[in-house]
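What follows is a short report on a single structure.
The values are calculated or read from the model by the stated rules, or taken from the named source; none is laboratory data. Predicted model only: the values in this text are computed from it and were never measured. Heads up, the Cβs are rebuilt from the backbone with ideal geometry, glycines too, and the neighbour counts pull from every protein chain shown.
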Number of protein chains: 2
Amino acid sequence: MFPFFGSRQGKHAVLEVIRNIAGIVQVQRFDREMTILGLDSAASIVRCLLISRASKTQIALRLAQFAQFKAARLIKMRALIDTFDLVEQSSIHLPNMSSCVVRTR
Amino acid sequence: MFPFFGSRQGKHAVLEVIRNIAGIVQVQRFDREMTILGLDSAASIVRCLLISRASKTQIALRLAQFAQFKAARLIKMRALIDTFDLVEQSSIHLPNMSSCVVRTR
């Protein structure tokens with residue numbers, strides 16, 4: 001159900017993983033708990049309410065997301081999700097997947 | 001092993017939970033993956049290598065930490081840890097604990 005965890009490098013790989021995520025879950029709600037803006041970067045802790053497209057079940061999770069920009073383009077994004085929480089809600093075993101790191105180049 | 005997860009409010013509760021953490025694990029290594037500095041706030045994704053004081057075993061984890069300051073004092077801190085990763089390393093069951101939120105006031 002979550003094949004998109006892990007590290008991706010390069011624009012195409014990053015766009016592909018974003019397409020994967022959109023194909024598997026749909027974002028129903030998105031609340032920012034705390035956001036920090038740097039000069040060319042941003043970080044947020046968000047609460048997401050997702051819906052699995054396959055099972056139509058709701059998945060609630062907290063997610064920390066870090067993004068870095070250069071010349072108005074995203075060059076690095078890192079996300080950290082509490083996957084134990086995710087496993088409890090999904091009732092499936094997810095082998096050693098911890099977080100998602102993407103680099104657009 | 002991890003009684004310090006959950007939300008704390010107030011200076012004394014926050015200091016108490018920090019003392020608890022220091023009593024349970026010792027930080028052996030601490031590498032910042034990405035740091036974002038705002039005007040009165042900061043966020044970091046860090047890789048920590050901890051040692052359990054009781055069992056002397058190593059615990060590696062990634063942690064997202066958000067802090068907000070006012071008049072040079074910490075007023076809010078939020079942390080998100082991948083607890084599935086933690087459970088795998090600890091081989092114990094941790095019931096529904098997802099993250100740590102502390103507010104100093």
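Scanning the range A:23-62 for residues that are within 17 Å of B:Gln68 (Cβ to Cβ) and among the aliphatic types (A, V, I, L, M) gives A:Met34, A:Ile36, A:Leu37, A:Ala42, A:Ala43, A:Ile45, A:Val46.
Every condition in (1) touching a residue at least 12 places away in the same chain (Cβ under 8 Å); (2) touching a Leu at 6+ places or on another chain (Cβ under 6 Å) holds for A:Ile21 except the one numbered (2).
Listed conditions (1) in contact (Cβ under 8 Å) with a residue 12 or more places away in the chain; (2) out of contact with any Phe, Trp or Tyr (no Cβ under 7 Å at 6 or more places or on another chain); (3) within 14 Å of chain A (Cβ to nearest Cβ); (4) closer than 30 Å to A:Leu39 by Cβ are all met by B:Leu39, apart from (1).
Looking at A:Lys76, is it more than 11 Å from the chain's Cα centre (by Cα), at pLDDT 90 or above and loosely packed, with under 15 Cβ neighbours inside 10 Å? Write out each step before concluding.
Details: more than 11 Å from the chain's Cα centre (by Cα): yes; at pLDDT 90 or above: yes; loosely packed, with under 15 Cβ neighbours inside 10 Å: no.
Here the answer is no, as A:Lys76 does not meet what is asked.
I'm checking my understanding of the structure. Among residues of the range A:91-105 that are surrounded by fewer than 18 Cβ atoms within 10 Å (Cβ to Cβ) and touching a strand residue (DSSP E or B) at 6+ places or on another chain (Cβ under 7 Å), which one is modelled with the highest pLDDT? Only one residue tops the list, namely A:Arg103.
Selection of the range B:1-59 for residues being among the hydroxyl-bearing types (Ser, Thr, Tyr) and surrounded by 14 or more Cβ atoms within 10 Å (Cβ to Cβ) yields B:Thr35, B:Ser41, B:Ser44, B:Ser52.
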